[in-house]
Structures are given as C-alpha cells and as structure tokens.
Amino acid sequence: MSKDDASSYSEVIVGVDALHALVVSIWQAAGSAPREATLVADHLVEASRSGHDSHGVGMIPRYIRACREGELKLNAHAQLVRDAGAVLTVEGGRGFGQVIAFEAMQHGIERAKQLGICAVGLRNAHHIGRIGHWAEQCARAGLVSFHFVNVAGDPLVAPFGGIDRRFGTNPFCAAFPREGRAPLVLDFATSAVAAGKVRVAFNKGIETPAGALIDVDGRPTRDPGALFSEGQHGALLAFGGAVAGHKGSGLAAMCEIFAGALSGGFTSRTETIVTSNAIVNCMLSVIIDPAAFDAPNKDKEADAFVDWLKATRRVEGVDEVLLPGEREEAIRRERTAKGIPVDLTSWTQIIDAARAAGMTDAAIAKFEAR
Ligand SMILES: NC(=O)c1ccc[n+]([C@@H]2O[C@H](COP(=O)([O-])OP(=O)(O)OC[C@H]3O[C@@H](n4cnc5c(N)ncnc54)[C@H](O)[C@@H]3O)[C@@H](O)[C@H]2O)c1
C-alpha cells in the first residue's frame, strides 16, 4: 500500500492481492469460515477493481455493524426451499449475500445446463452487492442471464410523478457471454444515481447532478442533504429524467415485484421498513443456455452488430462508443496494473472495522506495510 502523492494523501492505493488478503483476514477475524471470507473478498475486491467503489471494500464497515447487530448471519448457506424443475426458490436467511447469491447461481447454472433455462427466486439475502458479479458467474459457465433485484424495505426513490420514497435503488442486470471475449454486462441501479454517490457528495459538501434528487416537497434540488440530512425526507428520482423517468420508475417497480414478491421474500412498504444496518436483497434471476436455441449464427450476428454499432460517428470528446461492461473492463485493466485507490475516509473506516472484527494492530500493520 502507498499514499497517493498526486491527491495530497486523500486516497491510498492498494494492490489487488494485498487488498484481497486484508478482506479475507477481516472476515476470518470476525468469524467467517475460510471459504466465506474468500467469497466475500472475491466479490468486494472485484467490485472495487471494476470501478464500483460504492459496492466494493467500502461496504466492510456497514457489514461489520450489521454483523454485530446480529442482522448479517455469518457462515449461512443458500437453502433450496422449493425445487420445481426449471424454477427454484432459494432462502437466504440474511446470510452473507456474497455466499448466498454465489450458491443460488450455482444451483441455477446447473439446472439451466440440464433444462436450457432456469428461473431462480432468491429471497432474504444480506446485501448481494454488485449484481454484475452474479451475471459474470453465469457468463463464465457460458450462460445468458437477466437479474431483477429489490433492496427490500429500504425505499429511497420516488416513483415517476410522486414525491414520497417508494422503492429502493433496485438494480437490473443482463449479460451475454461471448466466445473468447469478455461478456456484455449491463448492470445499473434504476435510480438516477446510486445512493452511494449521493452519500459521497453529502460527505464532501458538494452538489449532486441536476435531475437526481427532489426535496421533501417534491421540488428539484441538488442538495444531497435531501437524502442524508437528519430529519430530511427528500428522495432520489428514477433514471430517465423529466422526459423518460416513467421508464426508470416502471423498471424499478417491476424489480420490486419480481424480486420481492415472486421469490417469496418481501416488498417495501411502511410495515417492512428495515431500520437496522442490514441491507436485504431479493433477486429474480433468469438463466438461459444459448445452446438450447436454434441459433448457430448467434456469435456472428452479435459480433457484426457490435462492429456496426462501434463504427458510428461520435460526438465531440468521445473516443469510443462503449458497450455494456466495457467501462468496467477498462477500469479493471488499469487498477490491476496500478492498484486500487481507496479514499482515505473509507480506508480509515475499513481499518477501524478490521479492529472491530478482532484483528490486532500487529496483524493490520502487516497489510499496511505491504
Ligand atoms: N445490491 C444492491 O442492493 C444494489 C443496489 C443498487 C445498485 N447496485 C449496484 O451498484 C452498481 C453501480 O450502479 P450504477 O447505477 O451506479 O452504475 P452506472 O451508472 O455506473 O452504470 C453501469 C452500467 O452502464 C455501463 N456504462 C457505463 N458507462 C458507459 C458508457 N459511457 N457507455 C456505455 N455504457 C456505459 C456499464 O458498463 C454498466 O453496464 C451496479 O453494479 C449495481 O448492481 C447494487
């Protein structure tokens, strides 16, 4: 680990392997079995390496708090509660989402390979993090997948035309594997910006982009305090803005229902608000074996389209038109070579969380010295 001189010590740069080893040590100190600690580290470091810092190692302090409250259950496993052939229902029991979703996808992948398709309803997992990770697990097995997720009981987003918070930042994800190339992975929160980005703006005392937030009376605002100030009850808007906000809002609502209701989990409403540090996710995943279609030209067709799309004329300042997943691929290449930047506030909180998990200062110092 080294201080980043260019940003006046505002961030540290940590090598991918060192960061992974630290995360494994934190969770083993907290009581995770080695496999769980490794799966959590795989996920969080990969999210950070992909540029999604809001879902990477910066989540550790929140997870430690949820763990100490007894809301995040260590060493739990995905329970297959209903097996209806091509439809599986999996109970997460508030276990580590990084383990529960991994195991749920393993079930779904195996079944999709047998039957051509499998829908997995996963309920009541603790935070399953960056959803692209689960789509990539399916893509590595050669499978296409779509994922609809709700952040159950944590409404931060107002529906189109509404003022009050009614659903979470409910992500949607879809992936298409490609022979010899990285899969296409579309993966986004259905809110105009991720809640984590508003929190960063709040902490820094800067404004959020226009069109992302409304205040308690439904007026547009750029003040992130509308979401995070004590006693404030403004809301995020769904993506799409004034012209197309009904599309983001509609997709978020379908995520809430597909994930929260179809899985046998729960949807957000007054009676189900989660007030602890837990983050509860439910997810409907549809996993498809492309080999089950009569489509011998699928790769050729997809590649030809991609080439044609990229050959478009570009607006000024744009070097390349990107496909879903390409931005993350580029950031991974850069961060693998140069290390992962972690802002100093998050780094301090992670080290505090390591102590709270039971790591000694001597054990922590070993990582800081690398
Ligand atoms: N588990 C949860 O409860 C939860 C909730 C919300 C979000 N999330 C996760 O948060 C992460 C961040 O979400 P977000 O909404 O901030 O993502 P984002 O706004 O960065 O959008 C990411 C998507 O857009 C694509 N993309 C980015 N820039 C592009 C460009 N210039 N051209 C073409 N495509 C481009 C990316 O490849 C990716 O598919 C996601 O991984 C999501 O799964 C998780």
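For this structure, a couple of remarks:
- Cα-based shape type of region 192-237, given that a ≥ b ≥ c are square roots of the gyration tensor eigenvalues and the cut on a/c is 1.5: oblate
- Across the accessible surface of region 92-249, with the other protein chains kept in place and a 1.4 Å probe, carbon and sulfur atoms take up 55 percent.
- Long hydrophobic helices in the chain, taken as whole DSSP H segments with a C-alpha length of 27 Å or more on their own axis and mean Kyte-Doolittle hydropathy at least -0.5: 241-260.
- Packing here is the average count of other Cβ atoms within 10 Å per residue, and on that basis the peptides 160-169, 313-322, 47-56, highest first, run 47-56, 160-169, 313-322.
- Highest mean packing first, where packing is the average number of other Cβ atoms within 10 Å per residue, the peptides 77-85, 100-108 line up as 100-108, 77-85.
- Under the criterion of Cα pairs below 8 Å and six or more residues apart, the relative contact order for the chain equals 22 percent.
- When the Cα gyration tensor is reduced to axis lengths a ≥ b ≥ c, the ratio a/c stays below 1.5 for the chain, which is therefore classed as rounded.
- Rounded to the nearest 20 debye, dipole of the chain from Cβ charges on Lys, Arg, Asp, Glu: 240 debye
- Region 73-121 and region 195-260 have Cα centres spaced 31 Å apart.
- Magnitude of the charge dipole for region 211-370, about its Cα centre and with charges confined to Cβ atoms of Lys, Arg (+1) and Asp, Glu (-1), is about 180 debye.
- Cα-based shape type of region 279-319, given that a ≥ b ≥ c are square roots of the gyration tensor eigenvalues and the cut on a/c is 1.5: oblate
- With both labels modelled 7 Å from their Cα along Cα-to-Cβ, the Phe228 to Glu301 distance reads 4.6 nm.
- 1.4 Å probe accessible area per residue over region 294-338, in Å²: 83 Å²
- Under 18 Å from Lys300, Cα to Cα: aspartates and glutamates that are on another chain or at least 8 residues apart: Glu179, Asp289
- Note on region 118-200: with charges restricted to the Cβ of Lys and Arg (+1) and Asp and Glu (-1), its dipole about the Cα centre is near 120 debye.
The values are calculated or read from the model by the stated rules, or taken from the named source; none is laboratory data. Computed from a predicted structure; not experimentally measured. Positions of Cβ are generated from backbone atoms using ideal geometry, with glycine treated the same way; all protein chains shown enter the neighbour counts. Heavy atoms of the whole protein, side chains included, go into the accessibility calculation; ligands, DNA and RNA do not. Shrake-Rupley method; radii C 1.70, N 1.55, O 1.52, S 1.80 Å.
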